[in-house]
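The values are calculated or read from the model by the stated rules, or taken from the named source; none is laboratory data. Keep in mind it's a predicted model, so treat the numbers as computed, not measured. FYI the Cβ positions are ideal-geometry reconstructions off the backbone, even for glycines, and counts take in every protein chain you see. With ligands, DNA and RNA removed, areas are computed over all heavy atoms of the protein, side chains included. Shrake-Rupley method; radii C 1.70, N 1.55, O 1.52, S 1.80 Å.
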Amino acid sequence: MENGTSTTTRKWNFKENEKLVSVSEHTVRSVLNKLRSCIDPDDTRPVIPLGHGDPSAFSCFRTTPIAEDAISDAVRSAKFNGYSSTVGILPARSAVAEYLSQDLPYKLSPDDVYLTSGCGQAIEVLLNALARPNANILLPTPGFPYYEAWAGFTQIEMRHFNLLPEKEWEVDLNEVESLADENTVAMVIINPGNPCGNVYTEQHLKKVAEMARKLGILVISDEVYAHLTFGSKPFVPMGIFGSVAPVVTLGSISKRWIVPGWRLGWLVTNDPNGILKEHGVIDSILGYLNITCDPATFIQGAIPQILQKTKDVFFSKIVNMLREDADIVYDRIKDIPCITCPSKPEGSMFVMVKLHLNLLKDIEDDLDFCFKLAKEESLMILPGVAVGLKNWLRITFACEPSCLEDGFQRLNAFYQRHAKKQ
């Protein structure tokens, strides 16, 4: 009671934001939180996390001392204690432009670079910049659900095109063309692939650029796993085709340097013809950055040293570990009849596997499979529905080899317990 009035009868004018609640329900973090709640507290075994792309908890995936020293030097210099400009400090933007230009046929300018709090905020900035009445965006299935979340929140209509597992998850360009209309603003590709572990060839990326030009749309190229490739195909940045169609590259130091918690990403315009500026997209990006937060200034201050001084031996070590882990996962998948893998992963930290429910009893779908797996085996794997592909699974392999081996032993034990009798 307050002033004689019951709080249960008082009328309050605020309530939940229903759209925010709904669009965040199926993000990777939301699903992983639900899986975590299923873990049996009486199970004394360590939880095995094969559901998310953060290997930093494993000592073998520790970042380079050069990056750690760069952060320390930036803090101790006392030069980066103040606010940053909304686009990022010039030395950091110059360093990112120089770093990315190494793989391009032209030089990026610092003015092409906008620093963000991780790649996640780069997605937020760009989708808000592109939002307008009746706009639609073409998103891959499977894909990264953060795009769906922000498209839903900004009220951009989502239209989904398939990635083709029988063609190593290439974009179905015929479907892209059939989905687009005069209100389509962009299409998204993720290369190297999350969640599929695929790597696109230069020839396929050229076809994507030519299709974007034909449709009059820009390409959003999510390259947060850039250079984390370990198969027969090298990483090729979409930006090499920026003169064919405008490309906006999203990236960060999170994955290549194994520091997702440092929250330093970028949004980069690859547009030598100036089409994005001509059509007001640059002004929209700047406008959104003016009303949002910046990455920590001391992290920005460390970026030149991180990008310029990290040795190739560190990168090679990370890639070699990912290659070994991918080999283990691909081989162990073959031992479990209820899952199959259409193609061996060649990049990123993930692989998609098909779940064969007809071989299982008491399992309704991929969500049910993963919830029961977490409860019975303290093993976390992401259900495919979280990335847009029902009755598939996304398995993360960036961890200690012994952890992978233990995880697949538990997965096999779970299968044996739930297998239908033949």
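Please report, to one decimal in angstroms, the Kirkwood hydrodynamic radius of the range 300-388 built from all distinct Cα-Cα pairs.
Result for the range 300-388, one decimal place: 15.8 Å.
Val185: net charge of surrounding residues, Cβ under 12 Å, Lys/Arg +1, Asp/Glu -1, itself excluded?
On the way: positive: Arg132, Arg159; negative: Glu157, Asp181, Glu182.
Surrounding charge for Val185 is -1.
Work out how much length Leu164 to Glu210 would gain on full extension: take 0.36 nm times their residue separation and subtract the Cα-Cα distance, in nm to one decimal.
Values: separation 46, 0.36 × 46 = 16.56 nm, distance 1.90 nm.
Gain on stretching Leu164 to Glu210: 14.7 nm.
Multiply the residue separation of Arg323 and Lys11 by 0.36 nm, subtract the distance between their alpha-carbon atoms, and state the gained length in nm to one decimal.
Values: separation 312, 0.36 × 312 = 112.32 nm, distance 5.97 nm.
Stretched fully, the Arg323-Lys11 segment lengthens by 106.4 nm.
Need one number for the chain: average projected area of the convex hull over its C-alpha atoms, nm². Provide the component values of the computation, followed by the final result.
Numbers: hull surface 100.4 nm².
Mean projected area of the Cα convex hull: 25.1 nm².
If I model a spin label at Ala419 and Glu177 as a point 7 Å from the Cα along the Cα→Cβ vector, what separation in nanometres do I get?
Reported label-point gap for Ala419 and Glu177 is 4.6 nm.
Ranking request for peptides 390-399, 317-326: highest mean number of other beta-carbon atoms within 10 Å first, then the rest in descending order. Present the calculation step by step, with values, prior to reporting the outcome.
Details: 390-399: 23.6, 317-326: 18.4.
The most tightly packed comes first, giving 390-399, 317-326.
Under a Cβ-Cβ cut-off of 11 Å, what is the net charge of the residues other than Leu164 that fall near it, where Lys and Arg count +1 and Asp and Glu count -1?
Details: positive: Lys167; negative: Glu166, Glu168, Glu170, Asp172, Glu175.
That sum, taken over residues with Cβ under 11 Å, equals -4.
Mind running the shape call on the range 66-309? Use the C-alpha gyration tensor, a ≥ b ≥ c as the square roots of the eigenvalues: rounded below 1.5 for a/c, prolate if a/b tops b/c, oblate otherwise. Display every interim value, and only then the final one.
Values: a/c = 1.82, a/b = 1.43, b/c = 1.27.
Prolate, since a/c reaches 1.5 and a/b exceeds b/c.
Over 22 Å between Cα atoms: which of Lys79/Lys107; Lys19/Lys375; Lys206/Lys233; Lys233/Lys277 fall into that group? Could you put the intermediate results ahead of the total?
On the way: Lys79/Lys107 28 Å; Lys19/Lys375 30 Å; Lys206/Lys233 15 Å; Lys233/Lys277 33 Å.
Cα-Cα > 22 Å for Lys79/Lys107; Lys19/Lys375; Lys233/Lys277; rest within.
Once you have a ≥ b ≥ c as the square roots of the Cα gyration tensor eigenvalues for the range 271-422, tell me rounded if a/c is under 1.5, and otherwise prolate or oblate according to whether a/b is larger than b/c.
Values: a/c = 2.64, a/b = 1.80, b/c = 1.46.
The shape class here is prolate.
Sort Glu157, Glu377 by accessible area with a 1.4 Å probe, largest first. Don't jump to the answer; show the numbers that get you there.
Details: Glu157 85, Glu377 10 Å².
The residues order as Glu157, Glu377, largest area first.
Is the C-alpha gyration tensor of the range 6-97 telling us rounded, prolate or oblate? Criteria: a/c under 1.5 is rounded; beyond that, a/b larger than b/c is prolate, otherwise oblate. If you can, show how the numbers build up before the last one.
Working: a/c = 2.59, a/b = 1.31, b/c = 1.97.
Cα axes put the range 6-97 in the oblate bin.
Can you order the peptides 163-176, 28-41 by their average number of other Cβ atoms within 10 Å per residue, highest first?
Working: 163-176: 17.7, 28-41: 15.1.
In decreasing order of mean packing, 163-176, 28-41 become 163-176, 28-41.
Between Phe315 and Glu202, what FRET efficiency follows from the Cβ-Cβ distance if R0 is 22 Å, with the result rounded to 0.05?
On the way: r = 21 Å, r/R0 = 0.95.
After rounding to 0.05, the efficiency reads 0.60.
Could you check what % of the DSSP bridge pairs in the chain are antiparallel, to the nearest 5? Walk me through the numbers before you get to the answer.
On the way: 24 of 45 bridges.
Of the beta bridges lying entirely in the chain, close to 55 percent run antiparallel.
List, largest first, the extents of the alpha carbons of the range 125-233 along their principal axes, each in whole Å.
43, 26, 20
Counting only the heavy atoms of the protein chains, how much of Asp103 is accessible to a 1.4 Å probe, in Å² to the nearest 10?
For Asp103, the solvent-accessible surface is approximately 60 Å².
Say we join alpha carbon atoms closer than 10 Å with springs in a Gaussian network model of the chain; which of Phe241, Phe315, Phe58 then has the biggest fluctuation?
Phe58
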